Amino acid sequence: MCGIVGYIGEKDIKQILLGGLKELEYRGYDSAGIAVLNNGEFSIFKAVGKLINLEEKTKDFHPQGFSIGIGHTRWATHGKPTELNAHPHVGKKSYVVHNGIIENYAELKKELETKGVEFLSQTDTEVIVHLFEDLQKEAKTNFEAFEKTVQTLHGAYATLLVTKEEPDTVFFAKEGSPLLIAKNENGEIYFASSDTAVIGEASQAHYFEDGDYGYASKDGVFIFDKDGKPKQPKWQKLEQNKLSAQKEGYRFFMEKEIYEQSDVLSDTLLGRATENEVVFEEIDKELFDGINEIKFCACGTSYHAALCASYLFERYAKIRVSVEIASELRYKEPLLMPDTLFVVISQSGETADTLETLKMAKNAGLKTLAICNVDNSSMVRLADATILTRAGIEKGVASTKAFATQVAVLWMLSLYVAKLRNTIEKDALQNQLRTLRTIPQVVKVDDGMHERIKRLSKRYLHGHGFFFIGRDVFFPLALEGALKLKEISYLHAEGYPAGEMKHGPIALADPELFTIALLPKNLLFEKTRSNIEELSARDSTICVVGSEEFEKGDDFIKTKPHRHYMQEFFEMMVALQLLSLEISVRLGNDVDMPRNLAKSVTVE
Ligand code: M6R
């Protein structure tokens, strides 16, 4: 996703901006750019694709002495990933970079166009710089023009603006997207959307709060709150070690990745889950023309996301769905029919089995779609169309945020297809979209819940096995919970549909068989409850995950009351991830690199 950097000082500004962007690279992007103001002249460089392309373009650029500059990596939301749409965006004598979405950009653009302003890009960002220059005409100072600009914008933004008229100053504003300012002992000033970009360069940082705006120059940093009141920066010491900084204080990458799910899910939904519809700029509606079936294919966690999709697509889009494990599909001589859309799901985009099935589908002449986290991966290059999940780099071998973002994309896609096929009413769609937009909040880790799970975990370190049970989408979630646990605790765990226990598995029930029961209030509550009772009657040790305590359970992980089963799904997902993590920690295992496993399985 988008990244921002900025700098004021005498060091090699090109290296600082490009180095900062490099540190933000893991978030994913499709174009990048920098603008440097040195000796009264702007130098601008933009490139589509990886940073190496931008580095190439700047290879003969060597500014000397004092400069100010801003840089950006862009993940396209409004407008395709082209050089013209890459930031920084230019007015007549000012440049801007921006993360987030300016919701009222269309009306602002219209207004500015009637005044004769010409827009070069398709982005929402460009309005900021033109609005600023328009307001500059009346304002007494550049800061006044910037302040009025910020007051006019609606939506989410972290933005930096530089203008030729004030060549030692960077203007900044933050609302809803992260932004910080940092400094070091030499009086240099840095800006970034995440501190990883300034670690090793700056020693202290101040993290802006929503509504903050202001300016910085050699003379100091001037911050104002949303009511225009001046405020003092709260400088915090920055970590100096890049590697441990990457874990940002968490014990393991897996833990960090569980905690960052809220942020990455916001990225996943950004520009896609709007008020009235799902927008996927990256795919054409024609992809679904003549399609009567969707076949999902994946491995491991991605396969579990595909199973969730099968419920959501049939429920909302009323389309036939089949789900295949890639290693099985490869050799079963499958019937691949031309009216089937073949969808591969993969975090890495490199999993050998899944990649091979994508080739099979292409060879059979099927339309193909990849739902993937890694841009430019083999699957992304091969598929007819791609939807990126925007989870950022996932380092823990046990997948967490990749799964969360896959399910969010699939849920959105089911609604997108439902709208295309007219199988969802307007109100119902709006309600789903409203619910979707709550998910970043739902997955925020609740400290109380994490503490409780930490304590609880000591009771689940032995036994002869775990059953994770659930119904509907909570069945694939149960499968995913069991997979997480076995991957990092090396304990035997299985996921089952709750209603299936009585057909055999219940024979294993005794006090040393641990059942983790997913009991959502908003979906098949009574049915699942009865299944849990059957296990309780056979004396299995039961830990219920849900919002309503179940008197026949032994332990209880309480989730918040929600109005929609998918909200319960996402909160339970976090609970299961934390449970595996804490059990693994107590067993002394290597959480991030469990035995026998690799992050990307590129062999058959
Ligand atoms: O990169 P992919 O999503 O294609 O990977 C598929 C599986 O190898 C992967 O999900 C694996 O199961 C994870 N270790 C699960 O945590």
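The values are calculated or read from the model by the stated rules, or taken from the named source; none is laboratory data. Keep in mind the model is a prediction, meaning the values are calculated, not measured. Cβ atoms come from the backbone with ideal geometry, glycine included; neighbour counts cover every protein chain shown. What goes into the accessible areas is simple: the full protein's heavy atoms, side chains included, and nothing from ligands, DNA or RNA. Shrake-Rupley method; radii C 1.70, N 1.55, O 1.52, S 1.80 Å.
Each 10 Å bin, from zero up to the one with the longest distance, holds this percent of the alpha carbon pairs of the range 264-442: 10, 41, 37, 11, 0. Taking the C-alpha atoms only, the angle from helix 352-363 to the longest principal axis of the chain is near 80 degrees. Surface composition of the chain: carbon plus sulfur atoms hold 48% of the accessible area, using a 1.4 angstrom probe and ignoring ligands, DNA and RNA. Of the cross-linked pairs Lys148/Lys401; Lys59/Lys148; Lys59/Lys110; Lys80/Lys218; Lys174/Lys247; Lys318/Lys527, those separated by over 29 Å at the C-alpha level are Lys148/Lys401; Lys59/Lys148; Lys59/Lys110; Lys80/Lys218. Over all other residues within a Cβ to Cβ distance under 12 Å of Ala158, the charged ones net out to -3, with Lys and Arg as +1 and Asp and Glu as -1. For the range 195-277, the Kirkwood estimate of hydrodynamic radius, built from reciprocal distances between every pair of different alpha carbons, is 15.8 Å.
When the trypsin sites (Lys or Arg not before Pro) in the range 313-405 are filtered for DSSP coil states and for at most 12 other beta-carbon atoms within 10 Å of their beta-carbon, the remaining sites are Lys332. Applying the criteria of a DSSP loop state and at most 16 other Cβ atoms within 10 Å to the chymotrypsin sites (Phe, Trp or Tyr not before Pro) of the range 118-221 yields Phe119. Please state the shape class of the range 445-596: rounded when a/c is under 1.5, otherwise prolate if a/b exceeds b/c and oblate if not, all from the C-alpha gyration tensor. Oblate. Taking θ as phi - 60° and the Karplus parameters 6.51, -1.76 and 1.60, the scalar couplings of the range 563-573 work out to 9, 9, 5, 6, 5, 5, 4, 5, 5, 5, 4 Hz in sequence order, x denoting glycine and proline. Roughly speaking, what is the centre-to-centre gap between the range 457-509 and the range 302-350 when only Cα atoms are used, to the nearest Å? Cα centres, the range 457-509 to the range 302-350: 23 Å. Taken about its Cα centre, the chain carries a charge dipole of about 440 debye when Lys and Arg each add +1 at the Cβ and Asp and Glu each add -1 at the Cβ.
Translational diffusion of the range 289-340, estimated by Stokes-Einstein from the Kirkwood radius over alpha carbon pairs at 37 °C in a medium of 0.692 mPa s, is 285 µm² per second.
Between the Cα long axis of helix 300-312 and the first principal axis of the chain there is an angle of about 80°, rounded to the nearest 10.
If both residues of a DSSP beta bridge must be in the chain, then about 60% of such bridges are antiparallel.
Rounded to the nearest 500, what is the chain's calculated 222 nm mean residue ellipticity when only DSSP H runs of at least 4 contribute -39500 (n - 2.57) each, over all residues?
-10500 deg cm²/dmol
Which percentage, to the nearest 5, of the DSSP beta bridges contained in the range 3-247 is antiparallel? Please report the intermediate quantities before stating the final value.
Details: 63 of 65 bridges.
The answer is about 95 percent antiparallel.
Just to confirm, what accessible area per residue do you get for the range 340-428 at 1.4 Å probe, in whole Å²?
Details: 2600 Å² over 89 residues.
Roughly 29 Å² per residue, with all protein chains present.
Inter-part distance, the range 102-138 to the range 218-269, computed on C-alpha centroids, equals 30 Å.
Among the trypsin sites (Lys or Arg not before Pro) in the range 1-88, those placed in a DSSP loop whose Cβ has at most 12 other Cβ atoms within 10 Å are Lys59. Taking θ as phi - 60° and the Karplus parameters 6.51, -1.76 and 1.60, the scalar couplings of the range 512-527 work out to 8, 9, 8, 10, 9, 9, 8, 10, x, 6, 9, 8, 6, 4, 5, 4 Hz in sequence order, x denoting glycine and proline. Per-residue surface analysis assigns Leu238 an accessible area of about 10 Å², computed on protein heavy atoms at 1.4 Å probe radius.
Here, the chain has an Rg and a Dmax of 25.6, 81 Å when only alpha carbons are counted. With viscosity 1.567 mPa s and temperature 4 °C, the Kirkwood radius over alpha carbon pairs of the range 3-247 converts through Stokes-Einstein to a diffusion coefficient of 73 µm²/s.
Taking amide hydrogens as placed 1.01 Å from N in the peptide plane, the amide H of Ile199 sits under 5 Å from that of no residue at least 5 positions away in sequence or on another chain.
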